[in-house]
């Protein structure tokens, strides 16, 4: 029997995070923890972010990823997690553009070596 | 998240174990917990909130019969996040040329499906049109906790299949787990269309939707 190829988006994100850490890159992980209304990615969706601005996975339909990458880099810098909310009621988030009209809360945490 | 937690999540994923990651959203304090009964979501706890994240194994699809419909179904299933294995003892059918980027087994279907240890995150479809190949796979499938078991063939073909499986000792409740004729009734005719109807039915089953709900 030939080996079953992996087809696992969740594992792809976690593996990429581990790979970046192995090469000495700092890493943050972003996770959708709550959604209201229509939102493109369900609770539990994850994105890994590297210190040099690469990312794997998604936490929205591409609307807020840029802001989440910035938050990830801030989390790597101060070693603290943060909780972000994006939605139509939030002026800044609207500027970022969650065009689907939903609201998402995203937890962003640094991944530490120890 | 600590590196050790990340590594533990990766290991659980590779071993198809379900685990729950519990995080205090205020402090970032985190631990892995038994996933039994756990649900993904945020709950208030004291002055803060706790996020429980249940990591379930990725779904799998076992396709018995490396036929034309299977060639169309495999890429669709991969798009829908399924890990796919194609089973067919006829090496000319289950060739790497016809099925690139997919697990292939040339074992007899009962042996092949047993070896894959189908669990509640596994869907199994039989597409050979040949009872000699389909039935052994269906017998193993019905004894497993697979969330979806589907068999290609007309109502008449399925009637004869029911007789054979009854003779094998399966009762009506067990046999009624088989989706036959396979796929949602969307008028599918071509191999690609039939693959779409099968994949749609598998996705609906995975999320516990009935045909009535799907049609609404």
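Please treat every number below as a calculation from the coordinates, not as lab data. Note that the structure is a prediction, hence the values are computed from the model and not measured. Please note: Cβ atoms are built from the backbone with ideal geometry, for glycine as well, and neighbour counts cover all protein chains shown.
Quick notes on this one:
- Size of the protein assembly as shown from its Cα atoms: along the principal axes, largest to smallest, the extents are 66, 43, 37 Å.
- Shape annotation for the range B:59-115: C-alpha extents along the principal axes are 27, 23, 16 Å, from largest to smallest.
- Degrees, to the nearest 10: B:191-206 long Cα axis against longest axis of chain B: 40 degrees
- Angle of helix B:3-14 to the longest C-alpha principal axis of chain B, folded into 0 to 90 degrees and rounded to 10: 10°.
- Ranked by how many other Cβ atoms sit within 10 Å of their own Cβ, fewest first, the residues B:186, A:106 fall in the order B:186, A:106.
- Averaged over peptide B:7-16, the number of partner chain Cβ atoms lying within 10 Å of each residue's Cβ comes to 3.
- 0 to 90° range, to nearest 10: angle between helix B:131-142 axis and chain B longest Cα axis: 30 degrees
- Put simply, the Cα atoms of the range B:3-55 extend 36, 25, 12 Å along their principal axes, the longest span coming first.
- Remark: mean inter-chain Cβ contacts per residue of A:7-14 equal 6, using a 10 Å Cβ-Cβ cutoff to other protein chain atoms.
- The gain in end-to-end length when the residue B:193 to residue B:29 segment is fully stretched comes to 54.1 nm, 0.36 nm per residue minus the alpha carbon separation.
- Calculated on the alpha-carbon coordinates, the convex hull of chain B measures out at 150 cubic angstrom per residue.
- Compared with the direct C-alpha span, the chain from residue B:91 to residue B:186 gains 31.0 nm at full extension, assuming 0.36 nm per residue.
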